[in-house]
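One structure is given below, encoded as structure tokens.
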Amino acid sequence: MTSKDTSLRGREIFAVFLLLLSSAAMAQDADLSKTRLKVTHVAGSVYMLEGADAGNIGAFVGEDGIVLVDDQYAPLAEKVQAALKSISDKPVRFVINTHYHDDHTGANGYFQKQAPIIAHDNVRKRLESGGVAGNGSSVRFDAKPQPKEALPILTFDHDITVHLNGEDIRALYFPAGHTDGDSIVFFPRSNVVHMGDDFGTYGFPFIDVDGGGSINGFIAALETVIAQLPQDVKVIPGHGPVSSVDDMRVFLKMLKETREVVQNALRQGRTLSQMKGDRILDPWKKYSGEVISEDAYLETLYNSLTSQKGGTFLKHN
Ligand SMILES: [Zn+2]
């Protein structure tokens, strides 16, 4: 990723977070009304829908119907529906949420009129309770409690398999990574994986420490998944273009190196403000974005490595 790309993605992600923040829908509706969804054939029976820098939607199509992975912001629901019509005239049968953030679950209420939503237990809990998403320091967003029609009807605690269109689609729970309710979704026959926000191409990741996420869980999930994926698998990131397992390896390397630098500084008794002053993450500054800046990512690592529990948001088990 070039630094130009990084800063562009940073601006786009900033828009995502503004939307997360905003409870006044008027301005965002106006902006989102201009959004065009881009449809990409990923591989096999899986497509990717991108738009408004919300989370990427995976759409698995076949004679039995459509399975969606994530559903973006509520105001985009009809555009998602129209984009689906361009690839299949079959009904939506199931929607899987990779985690609770509203750029991935915002249209749950719309799509649950057509098909049940499936997610990890903690996704339902956090959507129901609302709370704060954040890195435990400067990055902080309100997550509003969601009405019951937006809550996943089917929940699981470890994994679930959906048998449709001749494929065994597997959603597997990875604890305490981006949040405490992350699922990674595998399409073994199509040879595609949807990573949710456990992998993104926008630079330093947002890790929702307040929502039960952690750098250690984030790294553990990536290590586990990378070890199991075929080399030629197509990767749908939570945000960004279709990627490869090698892209994930590069990202994982950065995460492990930056964690180690902060761990070493902690062993030496350095405080967060001293680490900021020392610019200890400067070697990776090309990953710095406008919301998850170098400092915000340093805060994330510091808070994650020094606290046994999340921040202000009730931790669900
Ligand atoms: Zn997210």
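The values are calculated or read from the model by the stated rules, or taken from the named source; none is laboratory data. Values in this document were obtained by computation on a predicted structure and should not be read as measured data. Virtual Cβ from ideal backbone geometry, glycine too; neighbours counted across all protein chains shown. The accessibility values were calculated without ligands, DNA or RNA, using every heavy atom of the protein model including side chains. Shrake-Rupley method; radii C 1.70, N 1.55, O 1.52, S 1.80 Å.
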Conditions: (1) under 21 Å from residue 205 (Cβ atoms); (2) touching a Gly at 6+ places or on another chain (Cβ under 9 Å). Residue 150 meets all but one. Number of the miss? (1)
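Which residues, counting only those in segment 241-253, are of a type outside the set (Val, Ile, Thr), away from the ligand (no atom under 16 Å from the Cβ) and touching a residue at least 40 places away in the same chain (Cβ under 8 Å)?
Result: 241, 243, 247, 248.
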Considering only residues of segment 62-89 that are closer than 23 Å to residue 161 by Cβ and out of contact with any helix residue (DSSP H, G or I) (no Cβ under 9 Å at 6 or more places or on another chain), which is surrounded by the most Cβ atoms within 10 Å (Cβ to Cβ)? 67
Regarding segment 129-151, can at least one residue be identified that is within 22 Å of residue 48 (Cβ to Cβ), of a type in the set (Gly, Ala, Ser) and assigned to a helix (DSSP H, G or I)? no
Filter result for the condition that a residue is within 11 Å of the ligand (Cβ to nearest atom) and either open to solvent by 20 Å² or more (accessible area, probe 1.4 Å) or in contact (Cβ under 8 Å) with a residue 40 or more places away in the chain (or both), over 238, 203, 217: 238
From the options 257, 223, residue that is away from the ligand (no atom under 15 Å from the Cβ), open to solvent by 20 Å² or more (accessible area, probe 1.4 Å) and closer than 30 Å to residue 127 by Cα: 223
Residues located in segment 289-305, provided they are open to solvent by less than 20 Å² (accessible area, probe 1.4 Å) and closer than 13 Å to residue 273 by Cβ: 298, 299
How many residues are crowded, with 24+ Cβ neighbours inside 10 Å and within 14 Å of the ligand (Cβ to nearest atom) if we restrict to segment 185-200? 6
In segment 55-73, anything within 16 Å of the ligand (Cβ to nearest atom) and either free of Cβ contacts under 8 Å to residues at least 40 places away in the same chain or of a type outside the set (Asp, Glu) (or both) is listed as 55, 56, 57, 58, 69, 72, 73
Quick one: would you say residue 277 is of a type in the set (Gly, Ala, Ser), open to solvent by less than 70 Å² (accessible area, probe 1.4 Å) and modelled with pLDDT under 95? no
If a residue has to be closer than 22 Å to residue 168 by Cβ and either aromatic (Phe, Trp, Tyr) or within 14 Å of the ligand (Cβ to nearest atom) (or both) to count, how many in segment 112-134 make the cut? 3
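Test residue 254 against the stated conditions and say whether it is among the hydrophobic types (A, V, I, L, M, F, W, C) and either more than 17 Å from residue 217 (Cα to Cα) or touching a strand residue (DSSP E or B) at 6+ places or on another chain (Cβ under 8 Å) (or both).
Criteria not met by residue 254.
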Condition first: within 17 Å of the chain's Cα centre (by Cα) and over 20 Å from residue 136 (Cβ atoms). Now tell me which residues in segment 246-264 satisfy that. 247, 248, 251, 252
Hey, can you tell me all the residues within segment 128-158 that are open to solvent by 60 Å² or more (accessible area, probe 1.4 Å), farther than 12 Å from residue 100 by Cβ and not aliphatic (A, V, I, L, M)? 138, 140, 142, 147, 148, 149, 157, 158
Checking residue 167 against (1) over 15 Å from residue 94 (Cα atoms); (2) open to solvent by less than 30 Å² (accessible area, probe 1.4 Å); (3) more than 16 Å from the ligand (Cβ to nearest atom); (4) touching a residue at least 40 places away in the same chain (Cβ under 8 Å), which single condition isn't satisfied? (1)
